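Here's the structure, in structure tokens; my notes come after.
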Amino acid sequence: MDIIIRPMTRADLDGAARVHQMAFPRQRRSRLWLECNLNGFPRMLPYVAVADFCLGYVLWVQKSGFRPEAVLELDQLAVLPEARSRGIGRRLLEESLAGVRLVLAEQQSVLKSVLVSTRADNDAQRLYQAALGARVEAVISGLYSADEVLMVARTP
């Protein structure tokens with residue numbers, strides 16, 4: 001199966017909303033959430049992994065204004081449950097980040113660091129370490145539904 005990583009478009013919203021619903025069942029209004037992110041370009045930088053349909057997405061956010069040295073936040077990464085463990089999440093991170101760097105260059109900016117927050121018990125921490133070079137900087141007790149770790153990748 002050929003998988004393409006590319007910027008999200010309006011045509012991707014229904015498929016990406018399906019991924020969001022499956023990955024984050026406690027969250028509501030998936031399509032609206034993703035549409036708001038899409039409408040926030042260039043502050044919000046959404047990408048999808050598609051084959052015949054949407055397999056996953058990643059949402060990047062530029063933090064604290066458009067700066068010469070940008071700080072991004074990995075806001076959300078999701079892959080369909082049946083498509084996990086095939087390297088799609090890693091490809092989404094790495095290939096979308098290459099696209100983000102091009103957007104930043106058009107803004108006369110370079111990537112300084114990436115912030116990631118995730119549940120302390122989330123196995124995705126290993127992915128963020130491997131794909132981005134992120135390291136745990138802090139643990140925040142009970143931020144959402146459990147303890148949250150704050151990870152930072154400096155010049156990924």
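Here are the numbers:
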{"item": "In the stretch 13-32, residue nearest to Leu55 (Cα to Cα) [restricted to those that are open to solvent by less than 60 Å² (accessible area, probe 1.4 Å), of a type outside the set (A, V, I, L, M, F, W, C) and in contact with a helix residue (DSSP H, G or I) (Cβ under 8 Å, 6 or more places away or on another chain)]", "result": "His20"}
{"item": "Candidate set: the stretch 83-114, residues that are touching a Lys or Arg at 6+ places or on another chain (Cβ under 9 Å) and closer than 16 Å to Gly133 by Cα; chosen: the one most open to solvent (accessible area, probe 1.4 Å)", "result": "Lys112"}
{"item": "Residues satisfying the stated conditions in the stretch 56-74, i.e. more than 9 Å from Arg43 (Cα to Cα) and in contact with a helix residue (DSSP H, G or I) (Cβ under 6 Å, 6 or more places away or on another chain)", "result": "Gly56, Tyr57, Val58, Leu59, Ala70"}
{"item": "Filter result for Val149 (open to solvent by less than 20 Å² (accessible area, probe 1.4 Å), at pLDDT below 95 and either touching a His at 6+ places or on another chain (Cβ under 9 Å) or within 15 Å of Asp75 (Cα to Cα) (or both))", "result": "yes"}
{"item": "Hits in the stretch 123-134 (condition: surrounded by 14 or more Cβ atoms within 10 Å (Cβ to Cβ) and either at pLDDT below 90 or not small (Gly, Ala, Ser) (or both))", "result": "Gln125, Leu127, Tyr128, Gln129, Leu132"}
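The values are calculated or read from the model by the stated rules, or taken from the named source; none is laboratory data. Note that the structure is predicted; figures quoted are calculated from it, not measured. For neighbour counting, all protein chains shown are included, and Cβ atoms are generated from backbone atoms with ideal geometry for every residue, glycine included. Only protein heavy atoms, including side chains, enter the accessible area calculation; ligands, DNA and RNA are left aside. Shrake-Rupley method; radii C 1.70, N 1.55, O 1.52, S 1.80 Å.
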